[in-house]
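The values are calculated or read from the model by the stated rules, or taken from the named source; none is laboratory data. Just so it is clear, the model here is predicted, and its values are computed rather than measured. Positions of Cβ are generated from backbone atoms using ideal geometry, with glycine treated the same way; all protein chains shown enter the neighbour counts. Side chains included, ligands, DNA and RNA excluded: accessible areas come from the protein's heavy atoms. Shrake-Rupley method; radii C 1.70, N 1.55, O 1.52, S 1.80 Å.
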Amino acid sequence: LHSFPTRRSSDLVTNTTVTSLQKVFEQVRPFIEMNINVVTTSAEANYPWIDYPQLALEIDSLAKKHGVRFMQAGINPELLSATLPLILSGACRIVRKVVVRRVLDYREYDLFSAGQLKLDEKIRPLGITPEKFADAVKDGHWKLGWSYPFPAITQKLHIVAFYLGWRLDSVDVKFEPIISKTRKQTPWGFVIEPGTTTGWKQIGSGFMGEEEKVRIEALGIYKLSPEDGVNASVTVSIDGEPKHFIEITGGSVEDSSFVTSIRLVNILPQVLKGPLGLITPVDLPMALPLAEISQ
């Protein structure tokens, strides 16, 4: 990031560094100013007009000035929380409510490998009592070690609502603990005892008036087992005419980092066909598999 070309030598650059939109923009701004398109996996870049309106306007204006696009792509939120439910909604005459639910096994992620997260019970979300968990997520504010379990949930709610023609009046985010029924050894220097947290549920709800129109649930569980009562999966439910329900298993929940990379690569040819500025993948033609990988 500190050795930039002196002239435009690429059409597009990908960014897979951090979640923070501000930091991502600092990293890729030189490329935008060299008239190079940018696609990032940062969840905060999915639909930042709600959470970061001034920053979103700055990015949009700069990209349009230099004739390029800035966009977020990946498995989540782009594919699973936005594109997929909107595609299903397109097969409805009427849509009343959209519900997306994602269940992950955190053995796939090394979320707690750095610093004091290995040992400090005060800031880690696993292996603590339900009371400590409740105190640390009071009023929907996450005060535990990892910065945020499933980032940009308000953006996920608003992007679905926007493309369905809804304007949300309010958004509510809350967290619930998932309690272990068995003893689980972790690789991070602590044990999850029965009766302590083995994960959490994050619930985001978008309302028009008093009516919930969009709901996104994300469950993260360490060592997911039959006792937890759920399977690693993504489900999308559309309450409409007609109703739709699908359940996805396999790569999207068992190897999501790899699928994120695949989605990112497959969408690149479509980026150059999109409108200029800060855009979302919904603004693009359908991202189909690249021809050379289709057999």
For His66, list long-range residues whose amide hydrogen, built 1.01 Å from N in the peptide plane, is under 5 Å from its own amide hydrogen.
none
Neighbourhood net charge (13 Å Cβ-Cβ; Lys/Arg +1, Asp/Glu -1) for Lys243:
+1
In whole percent, how big is the carbon plus sulfur part of the accessible area of the chain, probe 1.4 Å, protein atoms only?
52 percent
Taking every pair of Cα atoms in the chain, average 1/r, invert it to obtain the Kirkwood radius, and report Rg/Rh to two decimals.
0.98
Per-residue [θ]222 nm for the chain (sum of -39500 (n - 2.57) over DSSP H runs n ≥ 4, rounded to 500):
-7000 deg cm²/dmol
Using label points projected 7 Å from each Cα along Cα→Cβ, tell me how many nm separate Gln22 and Arg167, to one decimal.
2.9 nm
Sorted by accessible area with a 1.4 angstrom probe, largest first, how do Ser180, Ser9 fall?
Ser9, Ser180
In whole angstrom, how far apart do the alpha carbon centroids of segment 130-179 and segment 9-77 sit?
23 Å
Inter-site label distance for Lys143 and Thr129 at 7 Å from Cα along Cβ, in nm
1.6 nm
Hey, what did segment 156-280 get for relative contact order, percent, Cα under 8 Å, at least 6 apart?
17 percent
Taking Ser42, Ser10 and ranking on accessible area (1.4 Å, protein atoms only), highest first, one gets Ser10, Ser42
Give a residue-ordered list of calculated ³J(HN,Hα) values for segment 219-229 (Karplus: 6.51 cos²θ - 1.76 cosθ + 1.60, θ = phi - 60°; whole Hz; x for Gly, Pro).
10, x, 10, 8, 6, 4, 9, x, 5, 7, x
Sorted by chain and number, the residues with a modelled amide H under 5 Å from that of Lys213, at a separation of 5 or more or across chains, are Gly206, Phe207, Met208
If the chain between Leu12 and Val191 were fully extended at 0.36 nm per residue, the gain over the current Cα-Cα distance would be 59.9 nm
Considering only Cα-Cα distances, which of the following residue pairs are longer than 20 Å: Lys201/Lys243; Lys132/Lys201; Lys138/Lys174; Lys143/Lys201?
Lys201/Lys243
Per residue accessible area of segment 122-264, 1.4 Å probe, in Å²
46 Å²
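So what is the relative contact order for the chain, in percent, with contacts set as C-alpha pairs under 8 Å and at least six apart? Before the final figure, lay out the partial values.
Working: 560 pairs, mean separation 68.7, N = 295.
Computed value for the chain: 23 percent relative contact order.
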